[in-house]
1. Is any residue of the range 1-31 close enough, with backbone N under 12 Å, to a label point placed 7 angstrom from the Cα of Arg59 along the Cα-Cβ axis, and if so, which?
2. Could you tally the net charge around Glu95, taking each other residue with its Cβ under 12 Å from the Cβ of Glu95, Lys/Arg +1 and Asp/Glu -1?
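Read-outs throughout are calculated quantities, based only on the coordinates presented, and are distinct from any laboratory measurement. Bear in mind that the values here come from a model prediction, so they are computed numbers and not experimental data. Positions of Cβ are backbone-derived with ideal geometry, glycine not excepted, and every protein chain shown enters the neighbour counts.
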Amino acid sequence: MGKDFHFDLDRMANQFGGQLPEILNSTFGYKDHVMSGNHENTGKQGSGHAMHTPAKVARFYTARTVRRALEYLSIDYVMLGLQVPEWARQMLREESSTT
C-alpha cells in the first residue's frame, strides 16, 4: 500500500458519505493520519518479511482474495471509470515477487 492510503480512504469516505466515514475510521483509524498530514506507511517495516501493506488491511485481505474481488467487481471498475486502488496493486505485486 502506498503512503497515501489513509488519504485515499478519506477521499472515498467523503465521496460516498453516510456511515462510511465512521465505519472506515473504526477499522483503519485513518482520520488521525489525515488530520496530522501523516503520509507514513503503517505496515510491518523492519520485519523479516517485507510487507508494505498497512497491517490492518493485510489482516482482512490476501492477494488471492483481492484478485477474486477484482474479478467480481471488474465491470464496476470499467463502467464507472474507477482505478484499482494502489494498496490492491501493491498487494498483488508483492505476491508475484515472492512466487
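1. Under cut-off, by backbone N: 26-29.
2. Summing Lys/Arg as +1 and Asp/Glu as -1 gives +3.
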